[in-house]
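Notes follow once the structure below has been shown.
The values are calculated or read from the model by the stated rules, or taken from the named source; none is laboratory data. Everything numeric here is computed off the predicted structure, so don't read it as measured data. Methodologically, a virtual Cβ is constructed for each residue, glycine included, from the backbone with ideal geometry; neighbour enumeration extends over all protein chains shown. Surface accessibility is based on the protein's heavy atoms, side chains included, excluding ligands, DNA and RNA. Shrake-Rupley method; radii C 1.70, N 1.55, O 1.52, S 1.80 Å.
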Amino acid sequence: MDEGESSSTNNPSRPWESYNTVFTNAKAGMEGVDKEKVQRVVYEMSKGSKYFQNEERKEALMKQKIEHMRDRCAKLSSSDLSNYQKVVDRRILEVEATRDLSRVWLHVDMDAFYAAVETLSNPSLKGKPMAVGGLSMISTANYEARKFGVRAAMPGFIARKLCPDLIFVPVDFPKYTHYSDLTRKVFKNYDPNFIAGSLDEAYLDITEVCRERGLSGGEIAEELRSSVHSETGGLTCSAGVAANRLLAKVCSDINKPNGQFVLQNDRSTVMTFISSLPIRKIGGIGKVTEHILKDALEIKTCGDMVLKGSLLYALFTQSSADFFLSVGLGLGKTDTPEVRSRKSISSERTFAATGDEKLLYSKLAEIAEMLSHDMQKERLAARTLTLKLKTASFEIRSRAVSLQRYTCSSEDILKHATKLLKAELPVSIRLIGLRMSQFNEEARHSDPSQGTITKFIVQKGSSRKNLDDNDSSDLDASKNCLGNDEMLSLSYASHETSYDQLKDVVEYEEQSVTPNQECKKKEERIQVLEGDALLRKHKDCKADSSAEKTEAVSVLPQMEPLVWVDGYRCNLCGIELPPSFVEERQEHSDFHLAQRLQNEESGPSSSNTPTSKRRILGKEKANSKPKKQKPNQKDDNVRGLHSVVKLLALEMFGSLGGCHLSSVLERRNPEEMKMALPPPRLNLSPSSSLGEPRSLPSMSDILTSSKARNLDLKIQTLGPFFRVTGKNADTGSEVGRAEGVVRPWFGRGLVLHLDTIRLTKETMVMDKSLLGVGLYVGAVAIRHGYDCGCRTAQLLAIYDSDLYHSKLVRFYRRIGFEEVKEVSGSSIGDMADMLVWGGVGTRMDANIHHLLVKWSKVFLKSVS
DNA sequence: GCGGATCAC
DNA sequence: TATGGTGATCCGC
């Protein structure tokens, strides 16, 4: 092992030598790499950047730390050291007594997991350098790419410099999760209690299997790896077998890829192995610790940790020193640990740095929304909120508050997060994150499999929001109903209001039970409550609450309860959504609330329809006849709609009725949906996942498929410009169109520039089966771009309103576009984008090939 | 309890 | 043009 060339010598003619990044460290598959060249390229691409400057700042801090450590080291007297040596000797005896060589642990680590999965689903990638990720960050690189020095955590634009032919494949977590599940099925056969590290690694206690089957750890490892290979259809993994987890993990790295290493369970073998092992190989010892130990204490190998134990105990905390010492002795965990519950949940996003307060508040709102959503999905409530910021200069800051009560509502989170953020302004920020910790343990232990649907509706589906003391509870609902221009202006207005309120939010403490807890207590008895019934309950809880709240309550709409009849059919409109479609169901119930709000807006008389007096709906309700209402009877909803709506992507791809695109992709119309029960939860059907490469949908595939949808598609071109129009095949009237241009972009070849995608009012009120019209129009445009040789498609998600915008961005992200930058007009660099696009918004890109692959199922299936 | 850091994947 | 997101833990206040 030839690493560890600590370049503390600063050679001014070779400045890159002192720019140590994580990429400096050796990694499997990086053996024949021209390290100097990689180092130089990374340096050249980085130097001068804000990121680089921050790295230098961090580097300086580390040096300082090391100096400080050296000073303290020098001040130690020999009597100090001999005292500490006594501590060490005693600790060694204690710890040695706990050594357990009776267990056999196996660590499995999938080889270049994401990249391998992508190659499996698209074998044409085989043998070519490829990276999973984008130009800003790479998640995994395959071994061909590693030969060029490309590796995980490296920014894509640097990787492309190192390897100009590098193929980028966007990350696709559902796909990796699918394959991860396949591997875990195998693991379970060897240790039902195996510990899953991440998607691509696991620890197994194979002691029992070895004993029962009379096989060695190495034999079991061989068998397991071969089983993983066949069960996944070709993925390889590496394994390490040793007496404890720490050693097993080190071992699995030794013969990577597609190899294994067994460390015999006897003390002297372990000691020999560990004593020469570089400390950086140990999990938990990273770049900084390595440097401190190496540069200040001259500890390079694990063996050194024992030899210099007295220094460690003198300079570090007891727990750190204990850890180092046990590492030096080759000790590690051998027990199967308790079930570990999560301790925090967070959401964070990076964007083009901005100091625009309004923009920052809207980002914050988005993140609060995402976090709240995730918490509700996991049924978590927490009381400590931490705001994380990364400034334009890459400095990380965090600010936390502990609340008086547990919460998971986006309003609560946003309210407090806004206070925290406000205190930091003005500052230019490139990342905002929110984390919630200190969970309500009682809530955590409830069985989430019980009454999921009704709990979900009560808690998340609109009525819960009405319980919140925040009087802008119509905000979320309006956000979910973007049915027409009027709704757009409504959401904009309500957002503005809440923004102003948030800015001047005053600290006050709520003592009442949280909605979440309330729900939990009552959920056995109350399955669905009407909005007004819930509100009344809420008022009861807060009999002493202020009058304003009562007033806020009075403007809230009365809700017809939403029930999933027979477990899957909406009693309000008849649309069918299986229980597993959690997100879609949420959208759907929000849609109904929004619709109701809309009706309220249109006039109090129409809204005063007598609501059902049913307060409690038992399961029997499912058998009573549902109040049917055709989903397309939304005349109220389209009132005031302009004849052509600009870029209503949600509707265009079929979200109008509350269905997410994922469902559109999987089942393009309600008829197919009915057959798809239970539906696949992944984008990727099992049959397609292991098979050979899917051919891309050709233009004629798309056109043929659209004909079956009663859609007449046409593409016109004029030079680089193109226009896709979709007409109703019966009436001949236009239902939607997309326009754009094929043009070069920064020397990166041609890009498909999507300018506008419009759907007509007619489209939106037409039969549901035509809701996929936007998908077809979009697909023709994308295929056209592909045929013209474009690799990338670009669009600008316009800031029509902040709430609408975030929805739009999220939507495009779902279908495969990636945020590239915010075009705000605040920097001169935005001018080009603004001129090209004629507005401000979020520039988003997608890999055209990937889009076609992703959509291929839709079009090819309809043909066959 | 908070804030900064480190680490892993 | 451009350097991620999530979760855990530790240390020093």
note = For the stretch A:195-347, averaging the sequence separation of alpha carbon pairs under 8 Å that lie six or more residues apart and dividing by its residue count, the contact order in percent is 16 percent
query = How big is D for the stretch A:249-351, in µm² s⁻¹ as a whole number, if Stokes-Einstein is applied with the Kirkwood radius of its Cα pairs at 10 °C and 1.306 mPa s?
reply = 102 µm²/s
remark   = Computed ³J(HN,Hα) along the stretch A:78-93: with the Karplus parameters 6.51/-1.76/1.60, θ = phi - 60°, integer Hz and x for glycine or proline, the list is 5, 6, 3, 5, 5, 5, 5, 5, 5, 4, 4, 4, 5, 4, 4, 4
inquiry  = Apply the Karplus curve 6.51 cos²θ - 1.76 cosθ + 1.60, θ = phi - 60°, to the phi angles in the stretch A:105-120 and return the couplings in whole Hz, x for Gly and Pro.
reply    = 9, 10, 10, 10, 9, 5, 7, 6, 3, 4, 5, 5, 5, 4, 5, 5
ask   = Applying the Karplus parametrisation 6.51 cos²θ - 1.76 cosθ + 1.60 with θ = phi - 60° to the phi angles of the stretch A:340-349, what ³J(HN,Hα) value in whole Hz is obtained for each residue in order, glycine and proline being reported as x?
value = 9, 9, 5, 10, 7, 9, 8, 8, 8, 9
inquiry  = Please give me the summed charge of the neighbours of residue A:780: other residues whose Cβ is under 13 Å from its Cβ, Lys and Arg +1, Asp and Glu -1.
reply    = +3
key: Cα-based equivalent ellipsoid of the stretch A:85-126: semi-axis lengths in Å, sorted from largest, via gyration tensor   = 47, 13, 5
note = Given a 1.4 Å probe, the accessible area of the stretch A:28-170 per residue, as a whole number of Å², is 50 Å²
ask   = Ignoring ligands, DNA and RNA, what percent of the accessible area of the stretch A:166-257 is carbon or sulfur (1.4 Å)?
value = 50 percent
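Got the relative contact order for the stretch A:102-151 handy, in percent, Cα pairs under 8 Å and 6 or more residues apart?
Taking the mean separation of contacting Cα pairs over the length of the stretch A:102-151, I get 30 percent.
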query = If amide H atoms are built 1.01 Å from N in the plane of the peptide, which residues on other chains or at least 5 residues away come under 5 Å of the amide H of residue A:427?
reply = none
task = Based on the mean of other Cβ atoms within 10 Å per residue, sort peptides A:71-81, A:87-97, A:307-317 so the most packed one is first.
result = A:307-317, A:87-97, A:71-81
ask   = Are any of the pairs A:37/A:390; A:343/A:419; A:128/A:185; A:126/A:256; A:63/A:294; A:37/A:63 more than 20 Å apart by Cα-Cα distance, and if so, which?
value = A:37/A:390; A:343/A:419; A:128/A:185; A:37/A:63
query = Under a Cβ-Cβ cut-off of 9 Å, what is the net charge of the residues other than residue A:110 that fall near it, where Lys and Arg count +1 and Asp and Glu count -1?
reply = -4
inquiry  = At a 10 angstrom cut-off on C-beta neighbours, averaged per residue, how do the peptides A:248-255, A:61-68, A:425-432 rank from highest to lowest?
reply    = A:248-255, A:425-432, A:61-68
